[in-house]
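> One structure is given below, represented as structure tokens, and several questions about it will come after.
All of the numbers you see were taken from the coordinates with simple rules; none came from a lab. Small disclaimer: the values here were computed from a predicted structure and weren't measured. Please note: Cβ atoms are built from the backbone with ideal geometry, for glycine as well, and neighbour counts cover all protein chains shown.
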Amino acid sequence: MDGNWAIEAVPSCRTRHDDDSTLSALSETGHLRRLPLASIGPHVMKDSNFLKENNGRLMWHPMTSPQDSHDSPPKIITGGSGVRVTDIDGHTVVDGVGGLWNVNLGYSCQPVKDAISAQLDALPYYSTFRGTTNDAAIELSYELSEFFAPDGLSRAFFTSGGSDSVETALRLARQYHKLRGEAGRVKFLSLKKGYHGTHMGGASVNGNANFRTAYEPLLPGCFHIPAPYTYRNPFNETDPARLAQLCAAALEDEIAFQGATTIAAMIMEPILGAGGVIPPHKSFAPMVQDICNRNGILLITDEVITAYGRTGAWSGARLWGIKPDMMATAKAITNGYFPFGAAMLGERMIEAFEGNPAAKIGHGYTYSGHPVGAAAAVACLAETKRLNVIENAAARGTQLFEGCKALMEKYDIIGDVRGGHGLMTAIEMVSDRATKAPIDAATGAIVQEVAYQNGAMIRVSGPNIILSPPLVLSEADADVLLGALDAGFAAT
Ligand code: PMP
């Protein structure tokens, strides 16, 4: 024993009820864990002092510095119910972040929980590498082919998350051209401000220096086009339709400069998400599709956020009326309850790969088609369709967007409000509206903290507050978010 903590051995896999095996495993494994004294016995829980003491110390968190986690320890979330989460001190808030754009059905989606636990009992894992598969993965591939039929996508390659799905699409794009005798098509195009995850390929097409610079050199042959971002763009153009044309012209110009026969694919988010919710004018995606088609370039939509209803349409491709060659999906495919993703594949890919003995896919993950993830996804899709979440996403999305625009009338700190397509809304904060100088981090942190104290978890990313709540948000929940934001801005 050591202060307030006891030391317990953690055998690699055992039941917590078997005290004898616990003791015998102690000397076998030599693997020790500190446990609070009060919690020794079956169903061990850490107490809050232990958790707070160790918070931000031994775990490096994504997207911040170890020093920051140490100096400002992250909120410890210990519970979730409906669209609300509860922290270690018992403070409950509406989750304006939706986990991380993924908990579309909220935290109490019993059919998904049941599917996960039933699958764990039946078969917790089996590989889908050559020669074996599992029943859940087969069922999911069928469900997805139905779900994405209107997008022209009928085949799935399963992954463990968004970055994996992006990487899969990029790799298969190169292979597609090699199979068709155009081995010189290896380059990738994407939008500045786009976010495509953090694998080396995804980071290379990523359009934000924060995810690139420290990890350079990245993949050669990746080129970026200006985003259709009316608030800030190199053309100084505020009209969305004209800006869409200018960005499309920049894309054509880059293709001509690189040479179309050197380019494998263009990847883009139908609505840019992590870059600050940037919805393009409705003409933009169809123009990009047309340019790609005319130049033999595959179009990949990165729908890690936009697939499964977030935009108020079942996919971003459907929102804009385009048919991509591949679509990267993840996040809401399992409601965030299990790490899982799917790269969906369309006719061109099918033509090049199927019935072709040379088309061996030298790509895949141990967890491709994980049966627990697949079972979660099957249940999640059924629930997503049963609840017809696109309707509520659209209605609550409009409420939130209009509410944020009303806040902009009230607070000069708000430079721009973007959204209007489902439950993806951003507030861009500035320290000076006239010059559009970005807000300092400390002010953003005040808004976030005061909003939290007033009942809402919100996410501040750079100068942006990004709102991506569960799609099952009620009108009253949306009002809680808006009220908490109001309090947050009032405190600055
Ligand atoms: N693409 C997009 C559009 C995303 O928003 C994200 C994650 N926010 C990713 C890819 C990466 O997904 P993951 O974090 O699951 O790897």
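> Between their Cα atoms, which of 178/385; 75/113; 178/331; 193/405; 282/331 are more than 27 Å away from each other?
178/385; 178/331
> Applying the Karplus parametrisation 6.51 cos²θ - 1.76 cosθ + 1.60 with θ = phi - 60° to the phi angles of the range 118-126, what ³J(HN,Hα) value in whole Hz is obtained for each residue in order, glycine and proline being reported as x?
Karplus-based 3J(HN,Hα) across the range 118-126 equals 5, 5, 4, 6, 6, 7, x, 7, 7 Hz.
> Of the trypsin sites (Lys or Arg not before Pro) in the range 274-377, which ones lie in a loop per DSSP and count no more than 14 other C-beta atoms within 10 Å?
Listed in order of number, the matching sites are 282, 360.
> Determine the sum of side-chain charges near residue 89: Lys and Arg each +1, Asp and Glu each -1, restricted to other residues whose C-beta is under 10 angstrom from that of residue 89. Intermediate values should be presented prior to the final figure.
Numbers: positive: 52, 75; negative: 87.
Combined, the nearby Lys, Arg, Asp and Glu give +1.
> Evaluate the range 403-492: find the radius of gyration of its Cα atoms, find its Kirkwood radius, and give the ratio Rg to Rh.
That ratio is 0.94, to two decimals.
> Further question: Within straight cross-link reach of residue 46, meaning Cα distance under 17 Å, which aspartates and glutamates are found once same-chain residues fewer than 8 apart are removed?
Output for residue 46: 2, 8, 87, 89.
> Taking loop as defined by DSSP and a crowding limit of 16 other beta carbons within 10 Å, which chymotrypsin sites (Phe, Trp or Tyr not before Pro) in the range 219-259 fit?
Answer by residue number: 231, 235.
> Let me ask another. Percent of alpha carbon pairs in the chain separated by more than 42 Å?
20
> What whole-number distance in Å separates the alpha-carbon centres of the range 391-447 and the range 173-211?
Here the answer is 31 Å between Cα centres.
> Then there is this: As an exercise, find the ratio Rg/Rh for the range 110-386 from alpha-carbon atoms, using the Kirkwood inverse-distance average for Rh. Present the calculation step by step, with values, prior to reporting the outcome.
Numbers: Rg = 18.4 Å, Rh = 18.9 Å.
Taking Rg over the Kirkwood Rh, I get 0.97.
> Given the Cα-Cα distance of residue 382 and residue 138 and 0.36 nm per residue of separation, how much length would full extension add, in nm?
Additional length available on full extension: 86.3 nm.
> Find out how many positive minus negative residues lie around residue 100, taking Lys and Arg as positive, Asp and Glu as negative, among other residues whose Cβ is under 9 Å from that of residue 100. If you can, show how the numbers build up before the last one.
Numbers: positive: 331, 459; negative: none.
It works out to a net charge of +2.
> Considering only the other residues whose Cβ falls under 13 Å of the Cβ of residue 471, what net charge follows from Lys and Arg at +1 and Asp and Glu at -1?
Net of charged neighbours comes to +1.
> Would you mind estimating how fast the range 51-129 diffuses translationally, via Stokes-Einstein at 37 °C and 0.692 mPa s with the Kirkwood radius over Cα pairs, in µm²/s?
My calculation gives 216 µm²/s for D.
> If you don't mind, there's one more thing I want to ask. According to a simple spin-label model (label point 7 Å from Cα along Cα-to-Cβ), what is the distance in nm between residue 146 and residue 261?
4.5
> Mind listing the long-range amide H neighbours of residue 302? Cut-off is under 5 Å, sequence gap 5 or more, other chains count too, H placed in the peptide plane at 1.01 Å from N.
For residue 302, whose amide H was placed from the backbone, the distant partners under 5 Å are 268, 269, 328.
> Would you compute, from DSSP H runs of 4+ residues alone, the mean residue ellipticity of the chain at 222 nm, taking -39500 (n - 2.57) per run and dividing by the full residue count, rounded to the nearest 500?
When only DSSP H runs of four or more count, the value is -11500 deg cm²/dmol.
> Let me ask you something else. So, R0 is 30 Å and r is the distance between the beta-carbons of residue 64 and residue 246; what FRET efficiency does that work out to, to 0.05?
0.30
> From the phi angles alone, apply the Karplus equation (6.51, -1.76, 1.60; θ = phi - 60°) to the range 92-98 and give each ³J(HN,Hα) in whole Hz, x where the residue is Gly or Pro.
Going residue by residue, I get 10, 9, 6, 8, x, 9, x Hz, with x marking Gly and Pro.
> What distance in nm separates the simple spin-label points at residue 130 and residue 200, each placed 7 Å from Cα in the Cβ direction?
2.3
> Assuming 0.36 nm per residue, please report the length gained on full extension of the stretch residue 406 to residue 453 beyond their Cα-Cα distance.
Residue separation times 0.36 nm, minus the Cα-Cα distance, leaves 14.8 nm.
> Now for a different question. Amide H to amide H under 5 Å from residue 78: which residues, 5+ apart in sequence or cross-chain, H placed 1.01 Å off N in plane?
Those lying under 5 Å, H to H, from residue 78 are 86, 87, 88.
> Okay, next question. Using each residue's phi in the range 275-288, evaluate 6.51 cos²θ - 1.76 cosθ + 1.60 at θ = phi - 60° and report the 3J(HN,Hα) Karplus result to the nearest Hz, with x for Gly and Pro.
These are the phi-based 3J(HN,Hα) values: x, x, 6, 10, x, x, 4, 4, 7, 5, 4, x, 5, 4 Hz.
> Length gain on complete extension for the stretch residue 210 to residue 239, per 0.36 nm per residue less the alpha carbon to alpha carbon distance?
Stretched fully, the residue 210-residue 239 segment lengthens by 7.7 nm.
> Under the rule of at least 5 residues apart or a separate chain, name every residue whose amide H is placed under 5 Å from the amide H of residue 431.
Answer set, sorted by chain and number: 437, 439.
> At a Förster radius of 30 Å, what calculated FRET efficiency corresponds to the Cβ-Cβ distance of residue 123 and residue 92, to the nearest 0.05?
Rounded to the nearest 0.05, the efficiency is 0.25.
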